[in-house]
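Working notes, structure below.
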Amino acid sequence: MDFSFAQFLHELWIARVPLLQGVGITIASAALAIVAGTVLGVFVGLALTYGAAPLRLAVRGYTDFIRGTPVLVLVLASYYILGTAGIQLGPLQAGVLALAVFCSSHVGEIVRGALQAIHKGQIEAAKAIGLTFSQTFVSVLMPQAIRQILPTWVNTAAEMVKASTLLSIIGVGDLLLASQEVISRTFMNMPFYLFAGFLYFAINFGIERFGRFVERKTHIPS
Amino acid sequence: MTTNPILEIRNLHKRYGDVEVLKGVDCSMQRGDVVCVIGSSGSGKTTMLRCINMLEEFSDGSIRIDGEDIGYELRDGRRQRKSEKEVARQRALTGMAFQQFNLFPHMSAAENVMLGLVKVKKMTRDQARAVAEKWLDRVGLLSRRDHYPGQLSGGQQQRVAIARAIAMSPRLMLFDEVTSALDPELVNEVLVVIQDLAREGMTMLLVTHEMRFAFEVSTRVIFMNQGRIGEEGDPKEMFLRPKSERLAEFLKNSSFH
């Protein structure tokens, strides 16, 4: 079918509220998942690097299991399986939980890699001036790890935005689902999918620019 | 003149699995002593130094600083490690400079010195900055206070590292081969700083390969051999008239002529 650009703009204007809501839900669910997943992921990384053997093994099992599972399966599992287990979550809650868990296993691995790359002399120097481990972590390890993590973390964040499209399957009204609803009403497949794609690109481009900005701000002169 | 020793090591043992690195070391230091530990690599000198601030756990024996047992205590007749918090406090009794400097790369020279002052000594940032600048001045690097480690030469980095340790006013300074990683032309600026500290009465224990320096700066020299103290005494006696065959051989092969 052939539509004019004016028609597209007209339909876009009619659908502006649901589409904007979709963008909002996409950003909110991805952002929540990234924040929660990052916080959890830092603990996962710490456990993988410094944990006692039993803890390390348990967390290793967790990350390997999660990373080996498709995000879609995680999303469905957290919506349907948790439901049958008596934990009734709404689609948005279940979806964000699944994304956060997925994010935590990736961030955990990134954090582990960064912490292990820090020379052990750094910890020894911190110990030698009398710092406790938590002080060492906050002042010495984390600031160095963050700088190293940043580029990979930005990638993970962008992945989470893309993965959030899977929430549409359990009925979360994200940008993808909102676009599909507009399409089913207007039959304007191409322009609205392109438009949705453009919006996803814009969100991820923003994340990437933000990452670059932080990288510049935290650059260590040498 | 024997008062209470600042450092007292008794029967220190350290094992890695089946390998015994320290086989019963006894040693004591008085305030103001400058003791150099020499010996071939693998003799246990660095390990001994690292036991004093618990960077290495030790298997048996005791280390006391100002009469305080370091790292372990007897509880119900059993030897138990002290809590992590207590060990951290005890580590601040000593200061340490490392072979690889180990400055924090994400902090300027001044911030490196300030970290312990703020976190451990609980100074305000202004107080800590004043102390840091005083010590950076003493090692001749006040003008470099805002430089990052990556912007400093090896010798400068080591001097900042020494300032970072000394600023914490430790009762005993430990130097672990602090010139071994430096280009030859940068060694001297670091040795001069240590010599100044010695002159001011800082109590210091140094592991070093700089025989000429050990000869000149130390009040006593310890020669370690295969996990034990092979010989110890006055530097002139030791270097010029070594008693043991081992020490004589070691000196012959080292840079001291």
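Laid out as a table, the results:
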read-out	value
Residues in segment B:38-76 occluded by at least 20 Å² - accessible area, probe radius 1.4 Å, against chain by itself	B:Arg50, B:Leu55
Residues losing 30 Å² or more accessible surface upon assembly, segment A:103-129, compared with the chain by itself, 1.4 Å	A:Gln122, A:Glu124, A:Ala125, A:Lys127, A:Ala128, A:Ile129
Residues of type lysines that B:Lys119 reaches as a straight line, Cα spacing below 29 Å, ignoring anything fewer than 8 places off in the same chain	A:Lys120, A:Lys127, A:Lys217, B:Lys82, B:Lys85, B:Lys134
Accessible area of segment B:24-155 divided out per residue, in Å², using a probe of 1.4 angstrom	42
Cβ-derived FRET efficiency at R0 51 Å, B:Val192 paired with A:Asn155, nearest 0.05	0.55
Helix runs (DSSP H) in chain B reaching 15 Å along axis by Cα, Kyte-Doolittle at least -0.5	B:109-119, B:154-166, B:184-199
Rounded to the nearest 20 debye, dipole of the protein assembly as shown from Cβ charges on Lys, Arg, Asp, Glu	580
P(r) tail fraction, chain A - alpha-carbon pairs more than 25 Å apart, %	51
DSSP bridge orientation in chain B - percent antiparallel, rounded to nearest 5	60
Complex-versus-alone comparison for segment B:99-128, residues with a loss of 30 Å² or more in accessible area, probe 1.4 Å	B:Asn102, B:Phe104, B:Pro105, B:His106, B:Leu115, B:Lys119, B:Val120
Accessible surface, 1.4 Å probe, highest first, among residues A:Thr136, B:Thr124	B:Thr124, A:Thr136
Rounded FRET efficiency, nearest 0.05, which uses the C-beta distance separating A:Arg185 from A:Phe213 and R0 of 30 Å	0.15
Other-chain or far-sequence residues with amide H under 5 Å of B:Met173's (modelled H)	B:Gly95, B:Thr203, B:Met204, B:Leu205
Virtual spin-label span in nm between B:Thr219 and B:Asn253, 7 Å along Cα→Cβ	3.2
Estimated distance in nm for a label pair at A:Tyr193 and B:Glu84, the labels positioned 7 Å out from Cα along Cα-to-Cβ	5.3
Selected from A:Leu177, A:Leu46, A:Leu131 as most flexible by GNM, with chain A as the system and alpha-carbon contacts under 10 Å	A:Leu131
Portion, in percent, of the accessible area of the protein assembly as shown that falls on carbon or sulfur, probe 1.4 Å	57
Max mean-square fluctuation residue, GNM over chain A, Cα-Cα springs under 10 Å, options A:Ser104, A:Ser78, A:Ser184	A:Ser184
For chain A, size of Cβ-based charge dipole, Lys and Arg +1, Asp and Glu -1, in debye	680
With Cα atoms, 0 to 90° folded angle of helix A:142-163 axis to chain A main axis	20
Å² of accessible area per residue within chain A, as computed with a 1.4 Å probe and no ligands counted	51
Built amide H within the under 5 Å cut-off of B:Gly61, gap 5+	B:His13
Fraction of antiparallel bridges per DSSP, the protein assembly as shown only, in percent to nearest 5	60
Under 5 Å, built H, 5+ apart or other chain: amide partners of B:Gln30	B:Ile6
Protein accessible surface hidden between B and A, which excludes ligands and nucleic acids, total in Å², probe 1.4 Å	2000
In Hz, Karplus ³J(HN,Hα) per residue of segment B:230-237 (6.51, -1.76, 1.60; θ = phi - 60°; x = Gly, Pro)	x, 6, 8, x, 5, x, 5, 4
Extension gain from A:Phe43 to A:Ser134, taking 0.36 nm per residue of separation minus the Cα-Cα distance	31.5 nm
Using distinct alpha-carbon pairs, which all enter the 1/r mean, Kirkwood radius of the protein assembly as shown in Å	26.5
Segment A:91-222 - Rg (one decimal) and Dmax (whole number), Cα, Å	20.3, 69
Chain B: C-alpha gyration tensor shape, a/c 1.5 cut-off, then a/b vs b/c	oblate
Spin-label pair B:Ser180/A:Ile169, simplified geometry with 7 Å Cα→Cβ offset, distance in nm	5.7
Rounded FRET efficiency, nearest 0.05, which uses the C-beta distance separating A:Ala53 from A:Phe201 and R0 of 41 Å	0.35
Those lysines that a straight Cα-Cα span of less than 28 Å connects to B:Lys243, excepting residues fewer than 8 apart in one chain	B:Lys14, B:Lys23, B:Lys45, B:Lys252
GNM result for chain B, Cα springs below 10 Å: residue of B:His147, B:His106, B:His209 fluctuating most strongly	B:His106
Span from the segment B:179-202 Cα centroid across to the segment A:1-64 one, whole angstrom	55
Ellipticity estimate at 222 nm from DSSP helix runs (n ≥ 4, -39,500 (n - 2.57)) divided over chain B, nearest 500	-10500 deg cm²/dmol
Extended-chain gain in nm, criterion 0.36 nm per residue less alpha-carbon gap, B:Thr124 and B:Ser143	4.6 nm
Shielding score for B:84-90, defined as the mean number of other chain Cβ atoms within 10 Å	3
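The values are calculated or read from the model by the stated rules, or taken from the named source; none is laboratory data. The shown structure was predicted, so the numbers you read here are calculated from the model rather than taken from an experiment. Counting neighbours? That spans all protein chains shown, and the Cβs are built from the backbone with ideal geometry, glycine included. Surface areas here come from the heavy atoms of the whole protein model, side chains and all, with no ligands, DNA or RNA. Shrake-Rupley method; radii C 1.70, N 1.55, O 1.52, S 1.80 Å.
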